[in-house]
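The values are calculated or read from the model by the stated rules, or taken from the named source; none is laboratory data. Predicted model only: the values in this text are computed from it and were never measured. Neighbour counts run over all protein chains shown; Cβ positions are idealised from the backbone, glycine included. With ligands, DNA and RNA removed, areas are computed over all heavy atoms of the protein, side chains included. Shrake-Rupley method; radii C 1.70, N 1.55, O 1.52, S 1.80 Å.
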Amino acid sequence: MISALSEVVIDGYTRSASTFAVYAFQLAQSRPVRMAHHLHAPAQLIAAAKMGKPTLLVIREPKGAILSQLIREPEVTLANALVAYARFHNCLMPYRSSFIVGDFEEVTRDFGSVIHRMNLRFGTSFGEFDHSDTNTKLCLDLIKHRPTTIPAWRATLLGFESGTVTKDQLHRDQERYANEPQASGVTETWVPSIERELQKESLNESWLQPKLSSRRRDAEASYRALVGSDSGSPQR
């Protein structure tokens, strides 16, 4: 949750690569950076805008985000998810000049350029993530451990995300718990997988229902409005 101590805010609609962005950001820094993240609510991004905090909205095109959400949260209906997606992003438009946008593809393939734009926009000097195979694997490995049932390991992971745990402590605990059977509570919905892609394909027919056409258009319009207006220009 955002506070006066927050140095940066990274958030977005669920299933938009915010977890990858949080870990990649912290791994790129020379020190822990206090961060507000993972609220998945416009309120946090709006509060950040009003407080003038360096802020990144991670965003994913509607179909990818929503189908991934339905796999993770099967109790959510497609119609309701479309409405929620559009509402989430439309709420942010009046504050658009106060944050930068990182599209899912850019975040997951070239996150260093996203941080570079943040530095230009806010006059900051955050470390830029080197999007190498090694660093990407490290991020994904940490994400796999996020649902761990070992309290101390989970506390370390969440502390690292929020900027209260150092990389040295993170790596020490990662080695300590590496062989513990409860260290990783991951399911296939947490990280990219062939199984998850097959599940998405099975939802395609539902996605194309004619009765949902207006809701799809609204969701897609909200996405385009935010992605298409990111200039990355310095803050004044």
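For the reader, a short list of remarks on this structure follows.
- Share of carbon and sulfur in the accessible heavy-atom surface of the range 1-63 [1.4 Å probe, %]: 57 percent
- Counted residue by residue at 0.36 nm each, then reduced by the alpha carbon distance between them, the extension gain from Thr134 to Leu198 reaches 20.4 nm.
- Exposure rank, largest accessible area first [His38, His171; 1.4 Å]: His171, His38
- Area accessible to solvent at His145, 1.4 Å probe radius, in Å²: 30 Å²
- Whole-Hz couplings from phi, Karplus 6.51/-1.76/1.60, listed for the range 158-166; x for Gly and Pro: 5, x, 5, 4, 8, x, 10, 10, 7
- Here the Gaussian network model covers the chain, with springs between Cα atoms less than 10 Å apart; of Thr14, Thr124, Thr55, Thr124 fluctuates the most.
- Summarising the overall dimensions of the range 44-180 from its C-alpha atoms, the Rg and Dmax are 17.3, 48 angstrom.
- Diffusion coefficient, µm² s⁻¹, Stokes-Einstein with Kirkwood Rh over alpha-carbon pairs of the chain at 25 °C and 0.890 mPa s: 133 µm²/s
- Relative contact order, percent, the chain [alpha-carbon distance under 8 Å, six or more residues apart]: 27 percent
- Amide H contacts of Val8: Ala36, each under 5 Å away and 5 or more positions distant or on a separate chain (H built 1.01 Å from N in the peptide plane; Pro and chain starts excluded).
- Here the label points at Ser30 and Ala221, each 7 Å from Cα along the C-beta direction, are separated by 4.8 nm in the simple model.
- Arg217 - accessible surface, heavy atoms, 1.4 Å probe, Å² rounded to 10: 140 Å²
- For the options Leu208, Leu92, Leu158, a Gaussian network treatment of the chain with springs between C-alpha atoms closer than 10 Å singles out Leu208 as fluctuating the most.
- Value of [θ]222 nm, deg cm²/dmol, for the chain, DSSP H segments ≥ 4, -39500 (n - 2.57) each, nearest 500: -16000 deg cm²/dmol
- 27 Å Cα-Cα reach of Lys53 towards lysines, excluding residues that sit fewer than 8 places from it in its own chain: Lys167
- Calculated on alpha-carbon atoms, Rg and Dmax of the range 24-67 in Å: 12.9, 36
- Gain upon complete extension [Leu158, Arg87; 0.36 nm per residue less C-alpha separation]: 22.7 nm
- Probe 1.4 Å, accessible area per residue of the range 1-138, Å²: 39 Å²
- Across the alpha-carbon atoms of the range 100-190, the computed radius of gyration and Dmax are 14.8, 44 angstrom.
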